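S.K.: Just passing along the structure, written as structure tokens.
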Amino acid sequence: MTRALVLVDIQLDYFPGGAFPLVEPEAAAAAAREVLDAFRASGELVVHVFHTATEADAGFFVPGTPGVGFHPLVAPADGEPVLEKHEPNSFVGTGLQSLLADAGVTELVVVGMMSSMCVDSTVRAASELGFTVTVVSDACAAPDLTLWDTTVPGSLVHASFMAALDGSFATVVPRLA
């Protein structure tokens, strides 16, 4: 089985000082770096995906702003594929599926941001496309979310999405063994 790491949207707008900071993104980025280091050391494929907004009134990931940039802990190295996306699902309009197929990849390890949006959408799509998926939960982060008059803390948003993915669309692990 050929494996690849997909890093989803670990971009500066999600960190303190960015346009849409998440809950504990620094810890998630540090954990993602550990996974990235392991993949680089083993010579396995690493794919970086980043989001740019297409809406004129987008509040974050606005093209040409610093917030679109990768966090330095997980910045792409020379030769690592970098794919731009405009939808939550990293497979839509990016060529990701073809890139993985051409490399013979059947198993994905996914890390990134946001657990409740782009990570969730990408993992579900990967599973539906036939990939075996592992999500490293400590290497993902989510925002606080509000529905009507209830605010759900980001830690619970994250845990809820990881729980929903585990066993149905992926194997969720805290750290990569």
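The values are calculated or read from the model by the stated rules, or taken from the named source; none is laboratory data. Source: prediction; values computed, not measured. Cβ sites come from the backbone with ideal geometry, for glycine too, and all protein chains shown count toward neighbours. The protein model used for the area step is the full one, side chains on, heavy atoms only, and it has no ligands, DNA or RNA in it. Shrake-Rupley method; radii C 1.70, N 1.55, O 1.52, S 1.80 Å.
S.K.: Using modelled amide H (1.01 Å from N, peptide plane; none on Pro or chain starts), what sits under 5 Å from the amide H of V46, excluding residues fewer than 5 places away?
M.R.: For V46, whose amide H was placed from the backbone, the distant partners under 5 Å are L5.
S.K.: With θ set to phi - 60° and the Karplus curve 6.51 cos²θ - 1.76 cosθ + 1.60, what are the ³J(HN,Hα) couplings of the stretch 143-151 in order, to the nearest whole Hz, using x for Gly and Pro?
M.R.: Each residue's phi maps through the Karplus curve to give x, 5, 10, 10, 10, 6, 10, 10, 9 Hz.
S.K.: Taking amide H positions as placed in the peptide plane 1.01 Å from N, state which residues far from V135 in sequence (5 or more) or on other chains have amide H under 5 Å from it.
M.R.: V110, T171, V172, V173
S.K.: Okay, moving on. Taking 7 Å along the Cα-to-C-beta vector as the label spot, tell me the T106-A163 distance in nanometres, rounded to one decimal.
M.R.: Reported label-point gap for T106 and A163 is 3.3 nm.
S.K.: Over the C-alpha atoms of the stretch 11-145, what are the Rg and the largest Cα-to-Cα span, Dmax, in Å?
M.R.: When restricted to the Cα atoms of the stretch 11-145, Rg and Dmax are 14.2, 42 Å.
S.K.: Run the accessible area of the stretch 1-146 with a 1.4 Å probe and give the carbon-and-sulfur part as a rounded percent.
M.R.: Values: 3190 of 6010 Å².
Accessible surface attributable to carbon and sulfur in the stretch 1-146 totals 53 percent.
S.K.: Next up: When all C-alpha to C-alpha distances in the stretch 61-116 are sorted into bins of 5 Å, what percent of pairs does each bin hold, rounded to whole numbers?
M.R.: Distribution as computed: 4, 13, 20, 31, 21, 8, 3, 0 percent.
S.K.: Let me ask something else. By accessible area of protein heavy atoms, probe 1.4 Å, what ranking do E128, E34 get, highest first? Mind showing how you got there, number by number?
M.R.: Values: E128 140, E34 100 Å².
I get E128, E34, largest accessible area first.
S.K.: Suppose accessible area is computed on protein heavy atoms with a 1.4 Å probe; arrange L156, L96, L129 from highest to lowest.
M.R.: Largest accessible area first, the list is L156, L129, L96.
S.K.: Where does each of D57, D166 land when they are ordered by accessible area, with a 1.4 Å probe and the largest first? Mind dumping the intermediate values first?
M.R.: Details: D57 130, D166 75 Å².
Ranking D57, D166 by accessible area, largest first, yields D57, D166.
S.K.: Sorted from largest down, give the three principal axis spans of the alpha carbons of the stretch 110-177, whole angstrom values.
M.R.: 39, 25, 18
S.K.: Here's another thing I want to ask about it. State in Å² the accessible area per residue of the chain; use a 1.4 Å probe, count heavy atoms of protein chains only, and round to the nearest integer. If you can, show how the numbers build up before the last one.
M.R.: Working: 8090 Å² over 177 residues.
Result: 46 Å² of accessible area for each residue.
S.K.: Something else: Considering only DSSP beta bridges whose two residues both sit in the chain, what percent are antiparallel, to the nearest 5?
M.R.: Values: 4 of 30 bridges.
Around 15 percent of the beta bridges assigned by DSSP in the chain are antiparallel ones.
S.K.: Could you pull out every residue, at least 5 positions away or on a different chain, whose amide H is within less than 5 Å of the one on V152? Hs are placed 1.01 Å off N in the peptide plane, and Pro or chain starts have none.
M.R.: Amide H neighbours of V152, under 5 Å, 5+ apart: L145, T146, L147.
S.K.: Still on this structure, I have one more. For the pair S42 and E87, how long in nm is the line joining their label points, each one 7 Å along Cα→Cβ?
M.R.: Result: 3.0 nm between the two label points.
S.K.: Quote the accessible area belonging to D138 in square angstrom, nearest 10, computed with a 1.4 Å probe and with ligands, DNA and RNA left uncounted.
M.R.: So the heavy atoms of D138 present about 70 Å² to solvent.
S.K.: Same structure, new question: Rounded to whole Hz and in sequence order, give me ³J(HN,Hα) for the stretch 123-135 from the Karplus expression 6.51 cos²θ - 1.76 cosθ + 1.60, θ = phi - 60°, writing x for Gly and Pro.
M.R.: Ordered by residue, 3J(HN,Hα) equals 5, 4, 5, 4, 4, 5, 7, x, 6, 7, 10, 10, 10 Hz.
S.K.: Put +1 on the Cβ of each Lys and Arg and -1 on the Cβ of each Asp and Glu in the stretch 40-124; which of T106, L73, G59 then has its Cα farthest toward the positive end of the dipole?
M.R.: In the stretch 40-124, that residue is L73.
S.K.: Please give the solvent-accessible surface of T54 in Å², to the nearest 10, using a probe radius of 1.4 Å with every protein chain present.
M.R.: 90 Å²
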